[in-house]
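*Asks:* Input: one structure, supplied below.
Computed from the coordinates by the stated procedures, all read-outs in this text should not be read as laboratory data. Nothing here was measured: the structure is a model prediction, and the numbers come from that model. Here the Cβ positions follow ideal geometry from the backbone for every residue, glycine too, while neighbour counts run over all protein chains shown.
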Amino acid sequence: MLSMSRDWARSINPALESFSPTAFESLWPTMPREVMEAVMGKTFNPDGLDAKTKLLLTLGALTMLGAQADAQIRLTVRHAIEAGATKQQVAETIAVMGVFCGVPAMSRAMALANSAMKPGTEGGD
């Protein structure tokens, strides 16, 4: 079944053969805070959640899914930091999810978040 799906995907788009999630991550820059707030925040829904809160919720959901989406977790952490989240808020979001998803997923998400927040990485300080 998996090989059939892979063959089908190749027939539709042969370029997917060389697709790399890590390479995709490097192509996606961290959006400026103002852009995130306009697109994801309160600009169009003043009574709704701000971009930072939505990104922390997304991080929690990615952790709950087993922290298997490395690039997505790093991108979400970078954007959450840019949107105003502190490193403590990122860590606490992941830690709270550990109660529900278990220590392995929590530990993996924390390691990915730490790698995204290292000095010299985009979004880190």
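*Asks:* In degrees, nearest 10, range 0 to 90: what is the angle between the Cα axis of helix 70-82 and the longest Cα principal axis of the chain?
*Replies:* For 70-82 against the chain, the angle is about 20 degrees.
*Asks:* Be a star and scan the range 50-78 for residues whose amide nitrogen sits under 15 Å from the point 7 Å along the Cα-to-Cβ vector of LYS118.
*Replies:* 71, 74-75, 78
*Asks:* Which distance in nm do the two modelled labels at SER26 and LEU65 give, with both placed 7 Å along the Cα-to-Cβ direction?
*Replies:* That separation, rounded to one decimal, is 2.4 nm.
*Asks:* Quick one: if you take sqrt(5λ) for each eigenvalue of the C-alpha gyration tensor of the range 30-116, what semi-axes come out, biggest first, whole angstrom?
*Replies:* 23, 13, 10
*Asks:* So, one more: Taking the Cβ-Cβ separation of LEU57 and SER3 as r and a Förster radius of 25 Å, what is the calculated FRET efficiency to the nearest 0.05?
*Replies:* Efficiency, from the Cβ-Cβ distance: 0.10.
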